[in-house]
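Peer 1: Sharing a structure here in structure tokens format.
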Amino acid sequence: MFNLILFGPPGSGKGTQSDKLVEEYGLVHLSTGNLLRREIADQTDLGIEAKKYIDKGQLVPDEVVIGMVDAYFDQHKGAKGFLFDGYPRTVAQAAALDELLEKKGTTIRLVLFLQVDEEELIRRLVHRGKTSGRSDDTDEKVQRRRQEVYREETLPVADYYSKAGKVVNIQGMGSVEDIFQSLCSAIQEKM
Ligand code: AP5
Ligand code: MG
């Protein structure tokens, strides 16, 4: 299996690039944000609970997300590999993912870290908010809160994987196509 993490702050282009990467490499896309939005749309208990956090720009509790990821993983037996988008987002989630992958006899090969300035992130998300229908996109205050939460709770995940020598920084500003090419080069080197 070839498992990789696309890492970066809210608005850095993880979703945009994931769609292209899963097509190019035949990986299964695991986006916890998309899974949570699906639960909200279906009005499940999990979705109703998660929405309270998402609408404030906060993280959904670890145990909820970890359980959801474990279940998704088991629903995709025989996958060539997974592309994790927006997961793990805390060091506890990273440890849980390591444990899950180890149980399955596999590991994370690569963490691609998209580098984008904060003002550009806010600009992109405010722009996306005009059409996305995402309840966490419309309010700039919520956007800023998401960036803060990222710095406090998610950035330590990059250190966690740096220590294991798995992180490659990728310039995340520029055209979608140029960024995609940089990501592909980094993947090619590891495959
Ligand atoms: P999630 O859905 O994961 O959102 P996010 O990480 O906050 O990131 P976004 O989806 O906002 O941005 P992105 O990096 O995917 O960028 P995109 O490609 O869309 O999570 C949402 C919420 O769910 C969280 O806040 C949290 O509450 C909860 N959650 C999710 N996972 C969780 C977890 N593991 N644990 C706990 N809670 C969790 O691009 C952004 C915009 O920029 C788009 O409009 C795009 O068209 C545009 N764009 C993309 N590339 C470029 C470019 N090169 N140049 C110009 N514009 C570009
Ligand atoms: Mg996304």
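Peer 1: Can you pull the percent of region 3-190's accessible area that's carbon plus sulfur, 1.4 Å probe, other chains left in place?
Peer 2: 48 percent
Peer 1: Which whole-angstrom value gives the distance between the alpha carbon centres of region 78-113 and region 154-191?
Peer 2: Comparing the Cα centres of region 78-113 and region 154-191, I get a distance of 15 Å.
Peer 1: Probe 1.4 Å, all protein chains in place: accessible area of residue 131 in Å², nearest 10?
Peer 2: Answer for residue 131: close to 120 Å² accessible.
Peer 1: If you average 1/r over every pair of different alpha-carbon atoms in region 1-106 and take one over that average, what Kirkwood value in Å do you get?
Peer 2: For region 1-106, the Kirkwood estimate is 14.3 Å.
Peer 1: OK, next. Give the accessible surface of the chain per residue, rounded to a whole number of Å², with probe radius 1.4 Å and ligands, DNA and RNA excluded.
Peer 2: Averaged over the residues of the chain, the accessible area is 51 Å².
Peer 1: Moving on. Quick one: P(r) of the chain from all Cα-Cα pairs, 10 Å bins, percents rounded to integers, in order of increasing distance.
Peer 2: Here the calculated profile for the chain is 9, 38, 39, 14, 0.
Peer 1: Still on this model: Could you give the dipole magnitude of region 1-55 about its Cα centre, charging the beta-carbon of Lys and Arg +1 and that of Asp and Glu -1, in debye to the nearest 20?
Peer 2: Roughly 140 debye, rounded to the nearest 20.
The values are calculated or read from the model by the stated rules, or taken from the named source; none is laboratory data. Remember, predicted model here, so these are calculated numbers, not experimental data. Positions of Cβ are generated from backbone atoms using ideal geometry, with glycine treated the same way; all protein chains shown enter the neighbour counts. Areas reflect the complete protein model, heavy atoms only, side chains present, ligands, DNA and RNA absent. Shrake-Rupley method; radii C 1.70, N 1.55, O 1.52, S 1.80 Å.
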